[in-house]
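Structure, as structure tokens:
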Amino acid sequence: MARKIKVAVIGVGHFGRLHAIKFSELKKEVELVGVVDINRERAVAVARELDTTPYTDYRELAGRVDAVSVVTPTVTHYRIARYFLSKGVDVLIEKPMTANPSEAEKLIKEAEKRGVVLQVGLLERFNPAVRLMREKVRTPLFIESQRLSPFSSRALDTDVIYDLMIHDIDIVLSLVDSDVEMVDAVGVPVISGKIDIASARLRFRNGCVANITASRVSRERQRRIRVFQPCTYMSVDYDTQRATIMHLKQGEERPTLEKESPRIKKGDPLMEEIKAFVDASLKGLPPRVPGTEGKRALEVAKKIKNSIGLSLERARHHLEGVLDLSQAFTDVD
Ligand code: NAD
């Protein structure tokens, strides 16, 4: 019989429960040996639903697992992931990877030292429309990205840059084969006290420019990216997993634009992400989204936060008494 890996999910709130469901569906490859949550009721409820064992302290899993998903609030990612990596356990860590790039670097080093898998939960990489876009986009020159959400009481331990924009930063960095040369950004705390809406302009050394907007205080949900390159424009809707490509064709009299709506088989990005992790763990292969790419996104996120900090500093004189900026950012190093 093929080898199975023993897996546990640490943190089974909203998203961790979904991780646990996906693992439990991979019956041939995975034995879900437990779910952990400091909220005992939550751990018991999810364990009962998935016929596994509840735990309230992740350290009880030492020696009992080959791999874990860390799906707890961001500030706890580093401590929990480091604990498991140091015990030789493969780790899938949710986005944002850690609370700052230096923690991410330490996790990467620990995973290298132990020879274990460290994969980051940057889910949009597994969106089939994004995969198509990464095949088609060769020389991007201008990128527009919007990720807008209505307000929710979850993930308020982070600002919108770490909470939502991190996905778009990662996708943009995966499309543009060049270094970020300049960052100019603005952001505003609206409801949570931390930055809730932000817009960043990234200029790459090769001349490409990306405008990225993320909001968690919008009326309507929207998740789109548009990429312009010579003779082609491609637009992807992350939610519907649809893409449109406009091609410039040289007609007899004048150039025309032709629309292509490629057929994309709808996918389950979380299942694909978890399958990729299980595969890397079973085969000891490098993961599809390694820690280095989680850290790279955090480094750009940090530059965006620094730039927003400067914008707010400039606006301080007319914000005084209107806005309390003391909590505007998640801690950065
Ligand atoms: P949540 O608040 O619903 O769940 C977090 C759970 O972790 C809670 O049940 C809490 O009791 C538990 N917890 C806290 N500290 C713990 C500890 N030390 N040990 C064990 N359990 C602990 O939050 P969520 O929305 O599920 O988000 C969790 C993580 O998943 C965050 O990092 C978030 O950014 C990420 N997330 C990613 C995506 C994505 O698209 N990739 C989507 C949603 C959330």
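The values are calculated or read from the model by the stated rules, or taken from the named source; none is laboratory data. What you are looking at is a predicted structure, and each value in this text was computed from that prediction instead of being measured. Note: ideal-geometry Cβ built from the backbone for every residue, glycine included; neighbour counts use all protein chains shown. We work out accessible area using only protein heavy atoms, side chains counted, and drop any ligands, DNA or RNA first. Shrake-Rupley method; radii C 1.70, N 1.55, O 1.52, S 1.80 Å.
As for region 273-285, it holds at least one residue that is open to solvent by 60 Å² or more (accessible area, probe 1.4 Å) and among the hydrophobic types (A, V, I, L, M, F, W, C).
Residues in region 158-191 that are over 14 Å from residue 301 (Cβ atoms) and in contact with an Asp or Glu (Cβ under 8 Å, 6 or more places away or on another chain) were compared, and the one that is least open to solvent (accessible area, probe 1.4 Å) is 189.
Scanning region 18-73 for residues that are near the ligand (Cβ under 10 Å from one of its atoms), outside any loop (DSSP other than H, G, I, E, B) and open to solvent by 20 Å² or more (accessible area, probe 1.4 Å) yields 18, 40, 41, 42, 55, 58, 59. Number of residues in region 78-120 that are small (Gly, Ala, Ser) and either more than 14 Å from the ligand (Cβ to nearest atom) or in the same structural domain as residue 172 (by TED's automatic domain parsing) (or both): the value is 5. Pairing each residue of region 118-134 that is under 17 Å from residue 72 (Cβ atoms) with any residue that is part of a helix (DSSP H, G or I) and modelled with pLDDT under 95, provided the two are 6+ apart or on different chains, yields no C-beta distance under 6 Å.
Taken as a whole, the condition of being on the phi < 0 side of the Ramachandran plot, at pLDDT 95 or above, surrounded by fewer than 16 Cβ atoms within 10 Å (Cβ to Cβ) and of a type in the set (Val, Ile, Thr) does not apply to residue 256.
Every listed requirement among (1) surrounded by 20 or more Cβ atoms within 10 Å (Cβ to Cβ); (2) of a type in the set (Val, Ile, Thr); (3) over 20 Å from residue 98 (Cβ atoms) is met by residue 232 save one, (1). A search for C-beta distances below 6 Å between a residue of region 4-16 that is closer than 17 Å to residue 59 by Cα and any residue that is among the acidic types (Asp, Glu) and assigned to a strand (DSSP E or B), counting only pairs 6+ apart in sequence or on different chains, returns 6/31. Annotation note: of 205, 221, 201, the sole residue that is in contact (Cβ under 8 Å) with a residue 60 or more places away in the chain and open to solvent by 40 Å² or more (accessible area, probe 1.4 Å) is 221.
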